[in-house]
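These notes concern the structure reproduced below.
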Amino acid sequence: METVAQMWESFSKVIPADAPDVQRIEMRRAFYAGVWGLLCSAKAVGRDEVSEEAGVAYFESVDAECRAFQADLLAGRA
């Protein structure tokens, strides 16, 4: 299992070498914010008042949303 820092290092390789420092800084902030958002969602799903069925449905919807974004990205629409 990777740390967030390790995931960032892998991801950051897509940033062009000549990108300005501000782009690298803002992308890193956005990356960590995305991880934080998903972590908060996972913790919320783990609460007693959230049924297993609702939790599974939530993560399935997140998965579908990410797959749709990937399809749009690959098609040049994102």
Inset, instruction - Could you please let me know if SER51 is hydroxyl-bearing (Ser, Thr, Tyr), touching a residue at least 12 places away in the same chain (Cβ under 8 Å) and surrounded by 10 or more Cβ atoms within 10 Å (Cβ to Cβ)? - result: no
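Tally the residues that are farther than 19 Å from VAL4 by Cβ and either touching a strand residue (DSSP E or B) at 6+ places or on another chain (Cβ under 6 Å) or of a type in the set (Asp, Glu) (or both), restricting the search to the stretch 15-30.
We begin by selecting, within the stretch 15-30, every residue farther than 19 Å from VAL4 by Cβ; these are 16-23.
Subset that is either touching a strand residue (DSSP E or B) at 6+ places or on another chain (Cβ under 6 Å) or of a type in the set (Asp, Glu) (or both): 18, 21.
So the count comes out to 2.
Residues of the stretch 35-48 being surrounded by 11 or more Cβ atoms within 10 Å (Cβ to Cβ) and within 11 Å of the chain's Cα centre (by Cα), which ones? Full working, then the answer.
Step one: filter the stretch 35-48 for residues surrounded by 11 or more Cβ atoms within 10 Å (Cβ to Cβ), giving 35-36, 38-39, 41-42, 44-45.
Correct list: VAL35, TRP36, LEU38, LEU39.
None of the figures in this text is laboratory data; all of them are computed from the coordinates on show. Because the structure is a prediction, the values reported are computed rather than measured. Cβ sites come from the backbone with ideal geometry, for glycine too, and all protein chains shown count toward neighbours.
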